[in-house]
Amino acid sequence: MCAAFLEEYCGSVFWNASYLEREDPDLPVCLEQTVLVWIPLGFLWLSAPWNLMSLCKRSQVNSKRRTKLYLCKQLVVFLLFLTAIGGLIVTLVEDFGRNSSAEKNSAVHYTNPVLFAVTWILLALCQEGVRRKEGAVDSASLFLFWLLLVICDIFPFQTLLREALRLV
């Protein structure tokens, strides 16, 4: 039931054991676009309330604590936000532009950029919340989010590399 829904959502096979029995084992693209995206994003969404608590408290924020590192982190998150919005715009142009084909993109191509855009906004707020905490250097939950994101993105990156090498 769930796999059938995800297959319709992705427009491809969600799980097939034959992918792991090949000479070059790989995960299905649908699994990479759903589960491996939702694990780190879900972790951030579940841990965000603890990072956002200090935003609700009324306290004076010391402007000296806006370090170059903090500003660089916020800049990276802003650029990632723009990338997510760009991905959504590209999908919309592919489906509804002048040269649009009869075959439309699957729902995952719309929801993932939106999920990422909202998550990057949440991450910027979490970083601000960590900055406002007295004596806090950084947040373990934000570190774990980035670690999960990198680990889960290894598999789609591997798939992209294999596709690129096949084209060469």
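Read-outs: derived from the displayed coordinates by stated rules, not from any lab. Quantities reported herein were computed from a predicted structural model and do not represent experimental measurements. So basically every Cβ, Gly included, is an ideal-geometry build from the backbone, and we count neighbours across all protein chains shown.
Name the residue, out of 107, 17, 48, whose mean-square fluctuation peaks in a Gaussian network model built on the chain with Cα pairs under 10 Å.
Comparing 107, 17, 48 in a Gaussian network model of the chain, the most mobile one is 17.
Can you grab the distance from the C-alpha centre of the range 68-125 to the C-alpha centre of the range 137-160, Å, no decimals?
Measuring centre to centre over Cα atoms gives 18 Å.
Around residue 109, what is the net charge, scoring Lys/Arg as +1 and Asp/Glu as -1 over all other residues with Cβ under 14 Å from its Cβ?
That works out to -4.
Taking Cα atoms, how many degrees apart are the long axis of helix 35-56 and the longest axis of the chain, rounded to 10 and kept between 0 and 90?
Tilt of helix 35-56: around 20 degrees.
For a quick check: sort 152, 30 by the number of other beta carbons within 10 angstrom, fewest at the front.
Ordered by Cβ neighbours within 10 Å, fewest first: 152, 30.
Lone cysteines in the chain, defined as no other cysteine's Cβ under 4.7 Å from theirs: which are they?
Those would be 2, 56, 72, 126, 152, since no other cysteine Cβ in the chain comes under 4.7 Å of theirs.
Compare the Cα positions of 124, 82, 93 along the charge dipole of the chain (+1 at Cβ of Lys, Arg; -1 at Cβ of Asp, Glu; about the Cα centre) and return the one farthest towards the positive end.
In the chain, that residue is 124.
When only C-alpha pairs under 8 Å and at least 6 residues apart count, what is the relative contact order of the chain, in percent? Mind dumping the intermediate values first?
On the way: 141 pairs, mean separation 53.5, N = 168.
After rounding, I find 32 percent.
Roughly what would the spin-label model give for residue 111 and residue 8, points 7 Å off Cα along C-beta, in nm?
Going from the residue 111 label point to the residue 8 one covers 1.2 nm.
Nearest 500 deg cm²/dmol is fine: what mean residue ellipticity at 222 nm does the chain get from its DSSP H runs of n ≥ 4 alone, each adding -39,500 (n - 2.57), divided by its residue count?
-24000 deg cm²/dmol, from helical runs alone.
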